[in-house]
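Reviewing the structure listed below.
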Amino acid sequence: MASATEQRETDQVREIGHEEYDPVGTAILIGIYFLILVLLWLFMYFVEFLGNGPTVVGALLTVVGLA
Amino acid sequence: MEVTRMSSTASRTYLDQFPAEAKVIKAAFWSSFMALAIGGLLGLVQALHRTDVLRFIDSADYYTVLTAHGILLAITFTIFFLVGIFTWAVTTSLDRGVVDIRFTWAWYIMMVVGTILVGVSILGGVVDAIPMYADVLFTFYAPLQAHPAFYVGLVLFVVGSWLAGADWFRTWWAWRKENPDERIPLPTFMALTTTLFWYLCTLGVALSILVFLLPWSLGIVDSVNPLLTRTLFWYFGHAVVYFWLMPAYMMWYIMLPKLSGGKLFSDPLARVVFVLFLLLSTPVGIHHQYLDPGIAEGYKFIAMTNTMFLLLPSLLTAFTVVASMEHGARQRGGTGYLGWLKALPWRDPVFTGMALAGLMFAAAGFSGMINAGMNINYLVHNSWWVVGHFHLTVGTAVALTFMAAAYWFIPQVTGKELWSRQLALGQVLVWFVGMTFMSNAMHRAGLFGMPRRTAEPQYQGFNFDPAVGTVGEINAQVALGAVLLTVALAMFLLNMVLTSFNDDSDSLPANTYAGTLSGPEDSPAVLDNLKLWTAIAVVLVIVGYTLPLASIVESGGLFGPDIGGFQLAIETDPALVLESVREVMP
Ligand code: HEM
Ligand SMILES: [Cu+2]
């Protein structure tokens, strides 16, 4: 029973059913989001090292030239 | 699920369909807006005070202001709006009114009385004529102690919300008698699962208040175990964030697809998400206590694992909601890999507000993952980073969604047209920009160790050392952001007030929500087995909390090792300050 669900769409130019709909755009956006997350994670480790000197992996610092 | 039958109610507003319920919902919304107005203004006071842009209150009063800001916004504003939305959702989707409207008014009034008690006792912190105090911050655990009226008010408010939940369940039971073979309509399903975990998590805080804090504040017991009250608070304190968030999620699932011109991508997926929140919202609270020395690392690790699982439903939501928006955009003629984004109705403030709120929530997902990691949490714990994080989550994902939703709901429950869509569109944009400034600066301040909950984070003989930028620049961003947010708040309230002076309109849209591409018939019936999921949720809580609670009680005693209360002193005794300075200085 879903009498209150939307029936018509005013600005609709075509009807896309479940079978024909393929959310590629969504997949791309989510992919971009994951990429940002990964980059931010990497960045976060730099912040940690930059601010506080060697913490967990001291050697890595010299490798990336931050020590 | 293509519903071909056109219901007779299809072109009517909520007010036409359920005039009695509409009144309660309208009252709940206004209670919520009042809390938002006062709380938001206090936020500006705090931001200007901390950054030393404008200090017109005594720094000792800062904590009274902070308590009021936290409680009014995080508890009062959010929960009043929630009870309004859920009442709408249950009645609309079941297509029947509540069982007894007097009961509905009763819980609403109970919540109002509770709020007034809480508000007046906090106000006592700055008004000498009120012999009360509650400078306990919105986390209100020991050793900070409030006047008994504060705890009584909280209890009334929470019990009121329990009765609201009972009201939704009663309405659903009545509907089920008439429709024994139907699946639970999605909006009702969302309201009920949320109510169930609310019952589960508020048990902790009820226990904390009724057994420990209230008797202690009344002088019946003279000591409590602070770690126990902290743990019981956080037992509730994480789930409450999902309690705020679930009505926003509901809006994203059932309104955004409709506003985008499409349908909800998957009803079964939405049900799975809400079931996961029922299961996992509570047994994660210890992730707020990573730095508490009295809890063993192992328990913290379990909480972290549960927390990481909890990312799943939010990522599922991101997918489902964006896919539904894309569906709408393509039906409206959008094309291309990302070109469809242009076909979305960006001029509609309800849509744009919710979409921007969702975008900020995605950003908050990152800072949340940092918070959730046991080791990296040490970097940001109790710093301004955390405040930046939750102004993205509750302060924007929830608050901005609610404000945007109000642009649709207030006309629905009053029968009056929104005063200005233009102003509304501007408002959601200004909020977004303001929060971008304030929250990003807060995050960065936290990274170089600036503490939260501090009236004057300016220290003699010590300077913060930001890796990028300067403290002055960060303060300027916070102050500017706070001013923009307050402007946005004023725009919102102005629009709401002027809307209620509008004439009745008969060109309002009908009270509808989104249809689905893949309906409930595509999902296993077991998803609707609320008893089963509640039972599993209870088991998870028992597994996650029995041992830590037992060990806290064992090492600290049920009523603690003789811990008296602190009432934040209005005048600070210099001798005490010296003593505490000596304690931290080596
Ligand atoms: C006008 C908009 C707002 C401004 C300018 C603002 C400003 C602030 C500031 C500066 C703080 C930090 C105080 C400190 O750490 O010393 C704070 C804390 C807080 N804010 Fe807001 N805020 C706003 C809106 C909101 C909203 C909409 C919510 C929730 C719905 C919210 C919830 C909180 C909470 C829970 C705290 C923490 C209180 C505590 O530490 O006990 N704020 N706010
Ligand atoms: Cu949490």
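The values are calculated or read from the model by the stated rules, or taken from the named source; none is laboratory data. This structure is a prediction, so every number in the text was calculated from the model and none was measured. So basically every Cβ, Gly included, is an ideal-geometry build from the backbone, and we count neighbours across all protein chains shown. Surface areas here come from the heavy atoms of the whole protein model, side chains and all, with no ligands, DNA or RNA. Shrake-Rupley method; radii C 1.70, N 1.55, O 1.52, S 1.80 Å.
The table that follows gives values for the structure above.
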quantity: All helices (runs of 4 or more DSSP H) inside the range B:369-471 with 3 or more residues being at pLDDT below 95 and within 14 Å of another protein chain (Cβ to nearest Cβ); calculated: B:377-380, B:421-447
quantity: Test for B:ILE116: is it touching a residue at least 40 places away in the same chain (Cβ under 8 Å) and either away from ligand 1 (no atom under 13 Å from the Cβ) or within 14 Å of chain A (Cβ to nearest Cβ) (or both); calculated: no
quantity: Of all residues making up the range B:471-483, the number that are within 17 Å of B:HIS69 (Cα to Cα) and open to solvent by 20 Å² or more (accessible area, probe 1.4 Å); calculated: 1
quantity: Residues located in the range B:83-106, provided they are closer than 22 Å to B:TYR151 by Cβ and touching a residue at least 60 places away in the same chain (Cβ under 8 Å); calculated: B:VAL83
quantity: Helices (runs of 4 or more DSSP H) wholly inside the range B:53-169 that include at least 1 residues being closer than 28 Å to B:PRO187 by Cα and among the aliphatic types (A, V, I, L, M); calculated: B:78-94, B:101-123
quantity: Single residue of the range B:266-288 satisfying the filter (away from chain A (no Cβ under 14 Å) and part of a loop (DSSP other than H, G, I, E, B)) that is nearest to ligand 2 (Cβ to nearest atom); calculated: B:VAL284
quantity: Verdict on B:LEU311 being open to solvent by 40 Å² or more (accessible area, probe 1.4 Å), out of contact with any Leu (no Cβ under 7 Å at 6 or more places or on another chain), within 16 Å of ligand 2 (Cβ to nearest atom) and modelled with pLDDT under 90; calculated: yes
quantity: Given (1) surrounded by 14 or more Cβ atoms within 10 Å (Cβ to Cβ); (2) away from chain A (no Cβ under 14 Å); (3) over 23 Å from B:LEU54 (Cβ atoms), number of the condition B:ALA490 does not satisfy; calculated: (3)
quantity: Residue in the range B:510-525 that is assigned to a helix (DSSP H, G or I), away from chain A (no Cβ under 14 Å) and at pLDDT 90 or above present; calculated: no
quantity: Residues satisfying the stated conditions in the range B:289-339, i.e. within 14 Å of chain A (Cβ to nearest Cβ) and of a type in the set (Asp, Glu); calculated: B:GLU326
